[in-house]
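The values are calculated or read from the model by the stated rules, or taken from the named source; none is laboratory data. As the structure is a prediction and not an experimental result, all values here were calculated from the model. Please note: Cβ atoms are built from the backbone with ideal geometry, for glycine as well, and neighbour counts cover all protein chains shown. Areas reflect the complete protein model, heavy atoms only, side chains present, ligands, DNA and RNA absent. Shrake-Rupley method; radii C 1.70, N 1.55, O 1.52, S 1.80 Å.
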Amino acid sequence: MTRGRAGQNRARAVIAAAVVAVAILVGVRSEAGLGATGATPPNIVVIMTDDQTTEQMRVMRHVLADVGQKGVTFDQSFVNYPLCCPSRSTFLTGLYAHNHHVIGNVAPHGGFRRFEALHANNDLPVWLQGAGYYTTEIGKYLNQYGDRDPTLIPPGWNDWNAVVGEPRPYDYQLNENGTLTSFGSAPGDYLDDVISGKAVDFIRGRATQHAPFFLYVAYKAPHVGGPHLQGSGCTGHEPEPPVRHYGAFANEPLPKPPSFNEADVSDKPTQISSLPPLTDADIAEITTRYRCELESLLGVDDGVHRIVNALKAEGQLTNTLFIYTSDNGFLHGEHRLAIGKSRVYEPSIRVPLLMRGPGIPRGATSGEMVTNADLAPTIVQAAQATPGLDMDGRSLLDPATHPNLKRGRRLLNETPTYDAIHTQRFVYVEYDNGEKELYDLRRDPEELQNVADSQSYSYAQGPLAAELAALKNCQGGSCRSTPSLDLSLNYSSGNGCAKTPIDADVTGDDSILLDKASFTIGSSRQQVHSAPFGVELPPAQLHHHRHNHVRAVAELVDGRVMTFAANFPPAC
């Protein structure tokens with residue numbers, strides 16, 4: 001029942017309950033002890049694929065079993081700038097693209113040389129070395145790495161095994177600690193298998209000698225591009241799978257969600273509304289590429305399984321923070337886009353993120369909004385390292401150990417042509433040519449109906465536009481800010497018990513943005529759709545011989561969601 005106004009007029013003591021599990025600060029210590037002063041620093045392993053969608057995770061049975069079922073899956077994981085080099089620069093710095101200034105894959109405004117000029121002596125591996133970590137890189141680094149000096153080893157890396165130039169499945173070179181090694185076109189030269197083998201060799205031969213260690217494994221799959229061996233079924237620009245997985249998905253149907261080859265794109269920006277429908281030939285090409293991507297990912301899945309088993313065999317797995325993710329997603333015909341990844345649409349910006357480690361619950365799913373700018377802060381906290389930058393992201397250790405909580409986050413997506421704000425419910429986009437998009441993801445998860453400037457959504461667009469104006473120029477703490485809201489419990493106390501009536505309220509400086517709030521105690525759930533956002537807790541649900549627990553969920557007009565929990569004494 002909604003709280004009676006008469007209850008507000010009673011003269012009684014007001015006690016604000018201590019709200020538990022609203023840990024929203026970057027430096028918060030997780031209950032697992034990861035990152036806690038004096039705790040044993042864990043080994044850290046990061047696996048990064050190239051252009052993998054969340055939909056494609058369904059074929060990764062080893063990753064799902066070895067990481068997902070043993071840890072937490074973040075199902076609201078996004079990247080700031082969905083393109084290889086800007087995204088990986090965010091991973092290495094914890095900064096949004098407008099702060100790390102690597103805004104493309106090639107020089108002068110992007111690529112390795114741009115990153116090197118701005119961040120070479122102040123990035124994640126440098127910070128980890130400073131904390132006593134042995135750092136190892138294997139696989140793809142940053143676009144255009146090695147185009148001027150293929151033997152260069154960037155600062156911060158103890159063990160360097162990077163692909164020189166654009167990664168190719170065959171006929172490529174690795175810089176192995178300053179020595180160039182060429183690989184040919186035999187099945188055993190397949191790049192992602194070589195990457196897996198080197199990771200396993202490191203763990204078996206050197207991990208125990210160099211603990212704690214940071215192992216960064218960056219695969220090529222499922223990125224497009226040959227060369228191809230005869231019999232793969234993949235030709236031209238499609239990805240190449242390992243020989244053992246040829247034909248594994250030869251008859252796999254192409255997913256065709258409602259956004260696929262969208263029938264009516266008249267509501268979309270010009271760059272989309274001007275696209276013709278996909279032809280049968282286009283769809284056939286997308287289908288073949290999709291099948292080859294899945295087959296190439298089976299090679300990654302094998303590699304992750306080998307890496308996990310090697311850690312286990314060496315006695316290192318139980319003290320290893322293990323993260324699996326991708327640099328960005330990819331489009332497969334959604335909104336008539338036959339190929340691409342730099343768009344703001346969900347298949348492009350949403351990426352897999354799975355994490356296991358000491359104290360992280362097993363088989364959990366978190367609905368917290370997270371971004372790739374959070375990875376560096378997470379690793380820094382776990383390693384007890386000192387960053388040389390005020391990072392834009394926040395550590396995920398607390399969300400990982402409290403996966404049921406949401407902290408009212410909003411995320412920034414950006415490229416040189418658009419800025420967007422993403423919340424639990426909405427994505428709002430402003431393009432440099434003045435065009436706009438707004439999607440209500442709760443009602444329209446496929447982003448079929450652009451409701452920007454619609455009168456029925458003006459209540460949301462106004463706050464979103466204001467937030468975006470601040471977010472697109474944010475730095476450090478201003479990028480991480482969350483709504484100023486809290487849960488308070490008001491009651492009179494005596495003899496160690498709480499006297500009824502007991503009121504629960506969501507209040508704070510940002511209460512003007514509240515849309516609704518719900519309160520749960522026992523089997524009772526009460527929802528409030530207008531101010532004041534509070535209820536009187538039903539006496540029938542109160543415990544008289546043990547502490548009580550109440551949960552609240554606050555939803556803001558801009559689509560952000562916050563959850564709170566509080567305990568209070570037995571009822572008198």
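Annotations for the structure displayed:
- Modelled spin labels at GLU166 and ARG442, positioned 7 Å past Cα toward Cβ, are 4.5 nm from each other.
- Simple Cβ-charge dipole of region 56-178, Lys/Arg +1 and Asp/Glu -1, about Cα centre, in debye nearest 20: 340
- Amide N proximity, region 486-510 versus SER530 label position 7 Å along Cα-to-Cβ, cut-off under 18 Å: 506
- Region 42-131 gives an Rg/Rh value of 1.02, both radii derived from C-alpha positions and Rh following Kirkwood.
- Per residue, the average separation of C-alpha pairs within less than 8 Å and at least 6 apart gives the chain a relative contact order of 21 percent.
- Residue-by-residue Karplus 3J(HN,Hα) for region 126-131, coefficients 6.51, -1.76, 1.60, Hz, glycine and proline x: 5, 5, 5, 4, x, 9
- In the assembled protein chains, MET57 presents an accessible area of approximately 20 Å² (probe radius 1.4 Å).
- Region 389-407-region 520-572 distance, computed between alpha-carbon centres (Å): 24
- Under 21 Å of direct C-alpha separation, and excluding same-chain neighbours fewer than eight residues apart, LYS516 reaches these lysines: LYS406.
- Counted charge near THR417, where neighbours are those whose Cβ lies closer than 11 Å (Asp, Glu -1; Lys, Arg +1): -4
- Overall shape of region 490-572 was characterised from the C-alpha gyration tensor. The equivalent ellipsoid obtained from it has semi-axes of 25, 12, 10 Å, in decreasing order.
- For region 114-188, the ratio of Cα radius of gyration to the globular rule of thumb 2.2 N^0.38 Å stands at 1.15.
- When the Cα positions of LEU375, THR136, THR37 are compared along the charge dipole of the chain, THR37 comes out farthest toward the positive end, with charges on each C-beta of Lys, Arg, Asp and Glu.
- Whole-Å distance, taken between Cα centres, linking region 474-488 and region 357-384: 19
- Comparing Cα centroids, region 311-331 and region 427-443 end up 34 angstrom apart.
- Heavy atoms of the protein chains alone define the surface here; on that basis the chain has 36 Å² accessible area per residue at 1.4 Å probe size.
- Taking the accessible area of the chain, probe 1.4 Å, and keeping the other protein chains in place, the carbon and sulfur fraction comes to 50%.
- Neighbourhood charge, 15 Å Cβ-Cβ cut-off, centred on LEU311 and excluding it, Lys, Arg +1 and Asp, Glu -1: +4
- Ordered from longest to shortest, the equivalent ellipsoid semi-axes for region 317-452 are 30, 17, 15 Å, each the square root of 5 times a Cα gyration tensor eigenvalue.
- Probe 1.4 Å - accessible area at ILE103, Å² to nearest ten: 70
- Förster-model FRET efficiency, 51 Å R0, GLN209 and ILE339, C-beta, rounded to 0.05: 0.70
- Ligands, DNA and RNA excluded, the heavy atoms of LYS256 present near 120 Å² of accessible surface to a 1.4 Å solvent probe.
- Modelled spin-label separation between ALA281 and THR365, with each label point placed 7 Å from Cα along the Cα-to-Cβ direction: 4.1 nm.
- Three-way shape call for region 466-536 based on the alpha-carbon gyration tensor, with the a/c threshold at 1.5: prolate
- Among THR288, THR320, THR386, THR500, the order of accessible area from largest down is THR386, THR500, THR288, THR320, computed with a 1.4 Å probe on protein heavy atoms.
- When the alpha-carbon atoms of the chain are used, the pair Rg, Dmax equals 25.2, 84 angstrom.
- Counting only residues at least eight positions apart within a chain, or on another chain, the lysines with an alpha carbon under 23 Å from that of LYS436 are LYS268, LYS341, LYS472.
- Taking the charge dipole of the chain about its Cα centre, with +1 at Lys and Arg Cβ atoms and -1 at Asp and Glu Cβ atoms, the residue from GLY165, GLY303, PRO239 reaching farthest to the positive side is GLY303.
- Whole-number Å³ per residue for the convex hull built on Cα positions in region 147-243: 103
- Simple Cβ-charge dipole of region 445-572, Lys/Arg +1 and Asp/Glu -1, about Cα centre, in debye nearest 20: 560
- Put a plus charge on the Cβ of each Lys and Arg, a minus charge on the Cβ of each Asp and Glu, and nothing anywhere else: the dipole of the chain about its Cα centre is then about 2200 debye.
- Modelled this way, with points 7 Å down the Cα-to-C-beta line, the labels at ASN567 and ILE512 are 3.7 nm from one another.
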